[in-house]
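The values are calculated or read from the model by the stated rules, or taken from the named source; none is laboratory data. As the structure is a prediction and not an experimental result, all values here were calculated from the model. Cβ coordinates were reconstructed from backbone atoms using ideal geometry, including for glycine residues, and neighbour counts include every protein chain displayed.
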Amino acid sequence: MIVRVRHLWNKTTREVQFYLSSLPCNAVEIGRAIRAHWGIENQLYWVLDVTFGEDASRIRTKNSPENFALLRRMAVSLLNQETSSKHSLRQKAKRAAMDSNYMLYILATALPR
């Protein structure tokens, strides 16, 4: 069980969360694992929003939001695997949109050798 207390200007909020784990009962180790998990989650959402503007997306009907979210996550994964250039993900995505040979190169990097 984790109790989170957040103090904002004139308001204090308290949240209780429960976790199930096979880790030994060691508060430091469990806390480290939880922070690592949320760090990865928060980093991915930040990348998706900055690179693909996911928060501003107007896709809202039927299965489209889930389908496009999956495509965006796949694109982030593919762009991260391409290591020949030191450009940002946004720059790589723009280049792939304009250069079909580069896009094919990125797709080829995902194929097993």
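Some points to look at:
- Number of positions in region 9-47 that are farther than 30 Å from PHE68 by Cβ, out of contact with any strand residue (DSSP E or B) (no Cβ under 6 Å at 6 or more places or on another chain) and among the hydrophobic types (A, V, I, L, M, F, W, C): 9
- Whichever residue in region 30-56 is β-branched (Val, Ile, Thr) and surrounded by 11 or more Cβ atoms within 10 Å (Cβ to Cβ) and, among such residues, is nearest to the chain's Cα centre (by Cα): VAL47
- Residue satisfying all of: in region 82-92; surrounded by 11 or more Cβ atoms within 10 Å (Cβ to Cβ) and of a type in the set (S, T, N, Q); modelled with the lowest pLDDT among these: SER88
- Pair list, Cβ < 6 Å and 6+ apart or interchain, from region 68-96 residues that are closer than 20 Å to ASP55 by Cα to residues that are part of a loop (DSSP other than H, G, I, E, B): PHE68/ILE59
- Condition check for LEU44: aliphatic (A, V, I, L, M), assigned to a helix (DSSP H, G or I) and in contact (Cβ under 8 Å) with a residue 24 or more places away in the chain: yes
- Some residue of region 19-38 being of a type outside the set (Val, Ile, Thr), closer than 30 Å to PRO112 by Cβ and outside any loop (DSSP other than H, G, I, E, B): yes
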